[in-house]
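Colleague: Submitted below is the structure of interest, expressed as structure tokens.
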Amino acid sequence: MATTHQAGVIAYRGENGRREVLLITSRDTHRWIIPKGNIGRGKTARKAAKLEAFEEAGLRGTIDSEIPIGFYTYFKRRQDQSAYPVSVEVFLMRVDRQRKKWPEKGKREICWLSIKDAIARIQEPGIVPLLKRLAELPDFRASE
């Protein structure tokens with residue numbers, strides 16, 4: 001079975017040790033996750049990640065690095081309850097603003113949290129190590 005490749009972001013805002021990250025709920029199960037989705041034809045993972053952040057949470061910002069903060073895998077369920085593997089390439093995105101309207105507004109909940117609180121709330125186990133890695137970066141240490 002082939003693995004589907006997706007792109008996602010850990011979106012953050014704040015300065016001077018007061019950093020927050022964004023979590024959203026999935027549309028179907030309402031679990032807390034990060035913005036992510038399929039990589040469209042002709043798009044890079046980085047561009048797809050920025051597009052998903054806008055479509056799912058109205059975020060505009062900057063991904064400063066071509067190198068992702070990491071990867072995680074999960075199994076996506078089909079309607080018939082069978083599952084297939086998905087690998088998600090995750091980028092760190094500094095949020096400049098959040099629009100008042102976006103394509104999936106009203107279809108998901110959004111929540112800005114400290115990294116510590118995001119780790120406690122996230123329901124996709126593969127994201128936890130990425131958030132912990134983020135907490136180790138010098139600019140994020142004081143946000144705990």
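Colleague: As I understand it, the value is the acute angle between the Cα axis of helix 45-57 and the longest principal axis of the Cα atoms of the chain; what does it come to in degrees, rounded to 10?
Modeller: Around 80 degrees separate the two axes.
Colleague: Further question on the same structure: Around GLN6, which amide H atoms from residues at least 5 apart in sequence, or from another chain, sit under 5 Å from its own amide H, with H modelled in the peptide plane?
Modeller: SER87, VAL88, GLU89
Colleague: Let me have the 222 nm mean residue ellipticity of the chain computed from DSSP H runs of 4+ only, each contributing -39500 (n - 2.57), with the sum over all residues rounded to the nearest 500.
Modeller: Values: 3 runs with 29 residues, N = 144.
Computed mean residue ellipticity for the chain: -6000 deg cm²/dmol.
Colleague: Oh, and also: Report ³J(HN,Hα) in whole Hz for each residue of the stretch 21-37, in order, from the Karplus equation J = 6.51 cos²θ - 1.76 cosθ + 1.60 where θ = phi - 60°; Gly and Pro get x.
Modeller: With the stated coefficients, the stretch 21-37 comes to 10, 9, 10, 10, 9, 6, 5, 7, 9, 6, 7, 7, 9, 9, x, 7, x Hz.
Colleague: Continuing with the same structure: Kindly write out, for the stretch 110-121 in residue order, the coupling ³J(HN,Hα) from the Karplus curve 6.51 cos²θ - 1.76 cosθ + 1.60 (θ = phi - 60°), rounded to whole Hz, with x marking Gly and Pro.
Modeller: 10, 8, 9, 9, 5, 4, 4, 5, 5, 4, 5, 8
Colleague: Please report PHE75, PHE91 as a ranked list, fewest other C-beta atoms within 10 angstrom at the top and most at the bottom.
Modeller: Going from least to most buried by this count: PHE75, PHE91.
Colleague: Per residue, what volume in Å³ does the Cα convex hull of the chain take up? Each step should come with its number before you reach the end.
Modeller: Values: hull volume 16.2 nm³, N = 144.
Hull volume normalised by residue count: 113 Å³.
Colleague: What ³J(HN,Hα) values, in whole Hz, does the Karplus curve 6.51 cos²θ - 1.76 cosθ + 1.60 give for the stretch 62-79 when θ = phi - 60°, with x put for Gly and Pro?
Modeller: Once θ is set to phi - 60°, the couplings for the stretch 62-79 become 10, 9, 7, 10, 6, 8, x, 6, x, 9, 8, 10, 8, 10, 8, 8, 8, 4 Hz.
Colleague: Hand me the trypsin sites (Lys or Arg not before Pro) from the stretch 26-84 located in a DSSP loop with no more than 13 other Cβ atoms within 10 Å, in residue order please.
Modeller: Those satisfying the criteria are ARG27, ARG31, ARG41, ARG78.
Colleague: Same structure, new question: Just grab the label-to-label distance for ARG78 and SER26, each label 7 Å out from Cα along the Cβ direction, in nm (one decimal).
Modeller: So the label points at ARG78 and SER26 sit 1.6 nm apart.
Colleague: So how do 117-126, 95-104 stack up, highest first, on mean other-Cβ count within 10 Å?
Modeller: Numbers: 117-126: 15.7, 95-104: 12.9.
Packing order, densest peptide first, comes out as 117-126, 95-104.
Colleague: What percent do you get for the relative contact order of the chain when only Cα pairs under 8 Å and 6+ apart count?
Modeller: Computed value for the chain: 33 percent relative contact order.
Colleague: Something else: Taking neighbour counts of Cβ atoms within 10 Å as a proxy for exposure, in what order, fewest first, do SER82, SER87 appear?
Modeller: On the way: SER82 10, SER87 14.
So the ranking, lowest neighbour count to highest, is SER82, SER87.
Colleague: Let me ask something else. What is the sum of charges around ASP64, taking Lys and Arg as +1, Asp and Glu as -1, for the other residues whose C-beta is under 11 Å from the C-beta of ASP64? Don't jump to the answer; show the numbers that get you there.
Modeller: Values: positive: ARG46, ARG94; negative: GLU66.
Taking every Cβ under 11 Å from that of ASP64, the sum is +1.
Colleague: Measure off 7 Å from each Cα along the Cα-to-Cβ vector at GLU109 and THR44, then give the distance between these two points in nanometres to one decimal.
Modeller: Here the answer is 3.6 nm between the modelled labels.
Colleague: Under a 10 Å cutoff between Cα atoms, tell me which one of SER26, SER65, SER114 has the largest fluctuation in the Gaussian network model of the chain.
Modeller: SER65
Computed from the coordinates by the stated procedures, all read-outs in this text should not be read as laboratory data. Since this is a predicted model, take the numbers as computed values, not measurements. Note that each Cβ is placed from the backbone with ideal geometry, even for glycine, and that neighbours are counted across all protein chains shown.
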